[in-house]
Amino acid sequence: MSRPEPLTISFAMQRALRPRLFDDETMRRLAALGDLRTEVIDDLAPPAARRQLHTTDLLITGWGCPVIGPAVLASGRLQAVVHAAGTVKNHLSDEFWASGVAVSSAADANAVPVAEYTVAQILLANKQLDTMRAAYRDERAGADWNGRFPEAGNYQRTVGVVGASRIGRRVLNHLAAFDLELLLHDPYVDDTTARGLGARRVDLDEIFLASDVVTLHAPDLPETRHLVDARRLALMRPNATLVNTARGGLVDTAALTDAVVAGRVRAVLDVTEPEILAPDSPLYEHPGVVLTPHVAGSVGGELRRLGHTAADEVESWVRTGSFRSPVHPETLAIMA
């Protein structure tokens, strides 16, 4: 009796990304699981790329993957997609989900560095190190730092978490180790679940009224667009900090800029709207702002965690016909 043909595995992502995600050892793991094609697809226009996709059983995708739509699915060959990153919304079309092709994502793995970044920034924000550093840099002299920053520090500070997403839950878990009061707002979470996460469930306005730091972990949906507007920014305590590692569209950038320039709030922004602010934005150089270029997620050596996770999912599919971390279409509406 003949053995079945090995699974054909292809990559679709930015060409430079593949070796950063998949080191030699992980490539050997994948090659042992099927017929691994090392040519990376980053554009569906070339006929050779389309032919390769039409004879692919399992597709490993990453940032820069072209949109996978009806033309790719027409052959009926594709069985599964493993995304070596977070959201799959950018490259799987609406029509894709009717095909029955199984999907997995490394979103849980990518949540690890985002949560780490967020917690670090929360602790530093409560310490007011951004403002202290700017003052020390400018004055280059000793000072009564306790007298100038009487509210600095993390002891008995209040942190409000907006969104009990996979990242929001990790943040709460990390923050439980500190002497902080934790608040949570999420319309899909009840009091019991919030308490299990170490937080007290409150409404959204109370998060902004009561917190020293508000950190955003909600999805970018029509109902969450500009969730942080001028009215909610006005609710924040003087010198409170807004942290956004979620999506830029959650925040009204103009309103936040006004609040920061007026000295009413501080901000830690890894994502903004637009993605790259205008060169003359005051947020670049303001001492009350930490602005980073969307790097809270996996960067550098952390990319290999995504590659290892994707390889684990490919192995699970080959061995069992199922994924450990499947993406279900019915949850897309409330996912980042």
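The values are calculated or read from the model by the stated rules, or taken from the named source; none is laboratory data. On a predicted model such as this, the values are computed, not experimentally measured, just so you know. Glycine gets a Cβ as well: all are built from the backbone with ideal geometry, and neighbour counts include every protein chain shown. Accessible surface areas use protein heavy atoms only, side chains included; no ligands, DNA or RNA. Shrake-Rupley method; radii C 1.70, N 1.55, O 1.52, S 1.80 Å.
What helices does the chain have that are whole DSSP H segments, at least 24 Å long along their own axis by Cα, and with mean Kyte-Doolittle hydropathy of 0.0 or more?
What comes out of the filter, once short or polar helices are dropped, is 107-127.
Between the range 295-326 and the range 71-142, what is the C-alpha centre distance in whole Å?
14
Gap in Å between the Cα centre of the range 247-283 and the Cα centre of the range 218-240?
So the two Cα centres are separated by 12 Å.
What number comes out for accessible area per residue over the chain if the probe is 1.4 Å? Units Å², please.
49
Please compute the Kirkwood hydrodynamic radius over the range 148-195, one decimal place, Å, based on all pairs of different Cα atoms.
11.7
Rounded, prolate or oblate: which one fits the range 187-259, using the alpha carbon gyration tensor with axes a ≥ b ≥ c (rounded when a/c is under 1.5, else prolate when a/b beats b/c, else oblate)?
In terms of gyration-tensor shape, oblate.
In square nanometres and to one decimal, what's the mean projected area of the convex hull around the Cα atoms of the chain?
On the way: hull surface 81.5 nm².
That works out to 20.4 nm².
Sorted by packing (mean other beta-carbon atoms within 10 Å per residue), highest first, where do 15-22, 147-154 land? List each step's numbers first, then the result.
On the way: 15-22: 18.6, 147-154: 13.0.
Highest-to-lowest ranking by the protection proxy: 15-22, 147-154.
Counting just the Cα atoms, what span does the range 199-305 cover along each of its three principal axes? Round to the nearest Å and put the largest first.
Computed over the range 199-305, the largest-to-smallest principal extents equal 40, 35, 26 Å.
How large a share of the accessible area of the range 1-98, in percent, is made up of carbon and sulfur atoms when the probe is 1.4 Å and the other protein chains stay in place?
51
How much of the accessible area of the range 235-336, in percent, comes from carbon and sulfur atoms when a 1.4 Å probe is used? Provide the component values of the computation, followed by the final result.
Details: 2680 of 4750 Å².
C and S atoms contribute 56 percent here.
Express the Stokes-Einstein translational diffusion coefficient of the range 131-213 in µm² s⁻¹, to the nearest whole number, given a Kirkwood radius over alpha-carbon pairs, 25 °C and a viscosity of 0.890 mPa s. Present the calculation step by step, with values, prior to reporting the outcome.
Details: Rh = 14.4 Å.
Roughly 171 µm²/s, to the nearest whole number.
Taking the highest mean first, how do the peptides 298-307, 191-200 order by number of other beta carbon atoms within 10 angstrom per residue?
Numbers: 298-307: 18.2, 191-200: 16.0.
Per-residue mean Cβ counts within 10 Å order the peptides as 298-307, 191-200.
Within the range 52-80, what residues put their amide N at less than 12 Å from the label point 7 Å along the Cα-to-Cβ vector of H294?
63-64
Any idea what Rg and Dmax come out to for the range 168-217 if you just take the C-alpha atoms, in Å?
Looking at the range 168-217, its Cα Rg and Dmax stand at 10.0, 26 Å.
Once Lys and Arg get +1 and Asp and Glu get -1 on their Cβ, which of V299, P274, G160 lies farthest toward the positive end of the dipole of the chain?
Positive-most Cα among the choices belongs to V299.
So what's the back-of-envelope 222 nm ellipticity for the chain, counting only DSSP H runs of four-plus at -39500 (n - 2.57) apiece and dividing by all residues, rounded to 500?
Rounded to the nearest 500, it is -10000 deg cm²/dmol.
Can you run the Rg to Rh ratio on the range 1-92? Use alpha carbon positions and the Kirkwood inverse-distance Rh.
Taking Rg over the Kirkwood Rh, I get 0.96.
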